[in-house]
Amino acid sequence: MDAQVTQTLYHYINGERVEGTSGRFGSIYNPALGEVTAQAPLASGDEVRSAIAAAKAAFPAWSEIAPARRAQVLFRFRELIVAHMDELANLLSSEHGKTLDDAKGSITRGLEVVEFACGIPQLLKGEYSENVAGGVDSFSMRQPLGVCAGITPFNFPAMVPMWMFPIAIACGNTFVLKPSEKDPSCGLRLAELFSEAGLPNGVLNVVNGDKEAVDTLLTDPDVQAISFVGSTKIGEYVYHTGCAHNKRVQALCGAKNHMVVMEDADMNQVTDAVMGAAYGSAGERCMAISVVVAVGDAAADAMMEKLVPRIESLKVGPYTDPTSEMGPVISPEAQSRIKDYIDQGVAAGATLVVDGRDIAVNGHENGCFVGATIFDHVKPDMSIYSDEIFGPVLCVVRAESYDEAVRMINDHEYGNGTAIFTRDGDAARNFAHRIKIGMVGVNVPIPVPLAFHSFGGWKRSLFGDHFIHGPEGVRFNTRMKTVTTRWPSGIRSGAVFNFKAGGEH
Ligand code: NAD
């Protein structure tokens with residue numbers, strides 16, 4: 001065990017903390033210090049199966065509870081999250097490194113999904129058609145699937161799990177969450193708070209783990225559906241493996257989000273937008289802006305003039321300092337991977353305008369910090385453009401025309417988010433219509449849909465047929481059944497041997 005490790009975490013199965021027995025552990029850092037402070041047990045297949053068994057046992061009773069009563073538990077859960085906001089944010093920042101403000105913001109976005117799920121009686125309302133044939137009525141309803149599982153990334157340890165389990169559970173499913181082994185404490189605490197709100201044991205379970213745990217969830221016949229959020233490489237594997245085992249799978253994956261800046265844009269608005277969208281959460285967001293495509297040199301030069309001084313003066317520091325605007329990245333491995341990308345950008349000939357490789361944060365010399373970095377004159381064949389760096393590194397590409405900008409975005413393998421900054425309504429409308437991306441902003445840099453809409457990307461940013469949360473979340477977590485009824489007192493049609501559309505049944 002590392003000298004600084006102060007805590008060994010646990011799984012949460014059937015309403016209880018359960019010690020890990022596999023003998024394998026993952027390291028959890030305090031990224032601001034660069035020190036391992038805790039370890040998460042990595043579950044064996046048997047440990048995961050015990051969580052699945054608890055969820056399976058809890059399903060019959062939970063799915064039979066009226067949606068309005070299930071919603072009451074969600075209302076209480078909501079109140080507990082609000083009451084524990086500071087505790088949750090501290091837990092999150094201590095393992096992830098993001099500023100407390102940012103941590104609270106992300107928990108609030110998850111909370112909004114809980115609030116959406118409180119409306120589940122309305123969301124599960126079915127459809128009814130009277131007299132589809134003589135004396136025949138027809139209705140459709142949505143029923144829960146059974147045991148659902150969620151596999152989540154490190155960058156939003158509270159919000160992304162809350163994209164998943166509140167809706168799945170509100171629909172009447174039971175759930176096994178496998179949070180990122182890098183920062184699982186928030187997921188564990190949320191499960192405890194849900195129990196405190198009155199959720200029956202076994203309805204929500206949390207197992208910590210790595211590939212072994214994920215593979216067990218993907219192949220176990222008792223798991224009906226998998227929601228995954230993480231990198232494209234793993235998401236594609238999760239999608240194909242889960243589907244091969246007859247599960248419903250949604251896998252939300254990596255991104256390279258472009259922001260188009262037209263010459264007529266308000267450059268003050270652009271500068272504020274880029275600062276938050278590129279460097280918030282140290283660029284570790286699937287909706288971070290990592291490429292600005294400036295249309296024309298005049299747009300690029302006007303933006304750079306305002307942006308560069310702001311980047312140079314960005315306050316980088318630990319979450320414990322309330323004046324920090326950007327925290328560290330998640331681990332020493334992530335730090336060296338990001339610095340390596342900056343080296344590659346220099347070697348490829350991009351202009352490194354602000355270099356964050358050698359940043360020093362007083363008192364945190366070993367912290368996993370990378371300073372805000374910006375490259376100009378980036379070309380599409382450079383790795384800093386093609387790859388998701390997932391750090392505070394912004395690429396500026398200069399396009400000669402609007403059409404070239406659109407083509408570049410449509411040709412990129414990822415399709416999560418994008419934005420255009422302009423005063424021209426025609427250009428904005430054309431952009432929203434033509435762009436092959438799942439979430440589009442007009443003068444909004446991070447167009448994350450609110451909880452009552454659904455979130456998701458196109459191309460290699462999403463595998464599966466459903467976006468997550470909102471109405472798509474309800475569809476993903478339920479299956480439809482259509483019932484056709486006739487009663488003896490209805491109109492008699494006698495025996496029917498043909499198959500007349502819209503006629504007798
Ligand atoms: P990751 O793919 O490394 O991990 C995601 C999950 O998969 C974790 O729970 C992890 O334990 C598990 N996992 C890791 N390796 C595995 C393997 N070999 N087999 C099976 N499971 C494995 O992602 P990350 O580094 O935690 O998160 C960052 C990524 O997530 C970025 O690519 C980011 O864009 C993406 N992300 C996407 C969205 C979205 O909505 N599209 C949202 C947040 C993050």
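Tabulated data
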{"quantity": "Placed amide H near V261: partners under 5 Å, 5+ positions off or other chain", "calculated": "V293, A294, V295, F421"}
{"quantity": "Hydrodynamic radius (Kirkwood) for segment 257-442, which is based on Cα pairs only, to one decimal in Å", "calculated": "16.6 Å"}
{"quantity": "Förster radius 56 Å - calculated FRET efficiency between S489 and E115 (Cβ-Cβ, nearest 0.05)", "calculated": "0.80"}
{"quantity": "Amide hydrogen neighbours beyond the local backbone of L462, cut-off 5 Å, H modeled", "calculated": "C253"}
{"quantity": "Mean separation of Cα contacts under 8 Å, 6 or more apart, over the residue count of segment 48-180: relative contact order %", "calculated": "33 percent"}
{"quantity": "Residue-by-residue Karplus 3J(HN,Hα) for segment 417-423, coefficients 6.51, -1.76, 1.60, Hz, glycine and proline x", "calculated": "x, 7, 8, 10, 10, 6, 9"}
{"quantity": "Principal axis dimensions, largest first and in whole angstrom, of the chain by Cα", "calculated": "81, 59, 39"}
{"quantity": "Relative packing of 278-288, 446-456, which averages over residues the other C-beta atoms within 10 Å, highest first", "calculated": "278-288, 446-456"}
{"quantity": "Test item: Cα-centred dipole of segment 159-256, Lys/Arg +1 and Asp/Glu -1 on Cβ, debye", "calculated": "340 debye"}
{"quantity": "Selection from A298, I28, M275 lying farthest towards where the dipole of the chain points positive, charges on Cβ", "calculated": "I28"}
{"quantity": "Contact order normalised by residue count of the chain, Cα under 8 Å, 6+ apart, percent", "calculated": "18 percent"}
{"quantity": "Where N is the number of residues in segment 132-186, Cα Rg divided by 2.2 N^0.38 Å", "calculated": "1.73"}
{"quantity": "Ranked packing of 369-378, 431-440, most packed first, by mean Cβ within 10 Å", "calculated": "369-378, 431-440"}
{"quantity": "Under 5 Å, built H, 5+ apart or other chain: amide partners of V354", "calculated": "I374"}
{"quantity": "Value in Å of the Kirkwood radius, where segment 365-505 supplies the Cα pairs that are averaged", "calculated": "19.8 Å"}
{"quantity": "MRE, 222 nm, helices only [DSSP H, n ≥ 4, -39500 (n - 2.57), over the chain, to nearest 500]", "calculated": "-12000 deg cm²/dmol"}
{"quantity": "Gap separating the Cα centres of segment 324-344 and segment 162-181, nearest whole Å", "calculated": "31 Å"}
{"quantity": "Cα Rg over Rh - segment 1-139, Kirkwood", "calculated": "1.14"}
{"quantity": "Gain upon complete extension [V440, T21; 0.36 nm per residue less C-alpha separation]", "calculated": "146.3 nm"}
{"quantity": "Set of lysines with alpha-carbon distance to K339 below 22 Å, sequence-local pairs under 8 removed", "calculated": "K98, K182, K233, K256, K315, K379"}
{"quantity": "Assigned charges on the beta-carbon of Lys, Arg, Asp, Glu; the chain dipole about Cα centre (debye)", "calculated": "2100 debye"}
{"quantity": "Whole-Hz ³J(HN,Hα) from phi, Karplus 6.51 cos²θ - 1.76 cosθ + 1.60, for segment 245-251, glycine and proline x", "calculated": "9, 6, 9, 7, 10, 10, 10"}
{"quantity": "Karplus-derived 3J(HN,Hα), 6.51/-1.76/1.60, for each residue of segment 27-37, Hz, glycine and proline x", "calculated": "8, 10, 9, 8, x, 5, 9, x, 10, 6, 10"}
{"quantity": "Listed residues V483, Q143, T373: farthest to the positive end of the dipole of the chain (Cβ charges)", "calculated": "V483"}
{"quantity": "Qualifying lysines (Cα of each under 26 Å from Cα of K56; at least 8 residues distant if same chain)", "calculated": "K125, K178, K211, K247, K481"}
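Rule-based calculations on the coordinates, nothing more; no lab input. Given the structure is predicted, the values throughout are model-derived calculations rather than measurements. Virtual Cβ from ideal backbone geometry, glycine too; neighbours counted across all protein chains shown.
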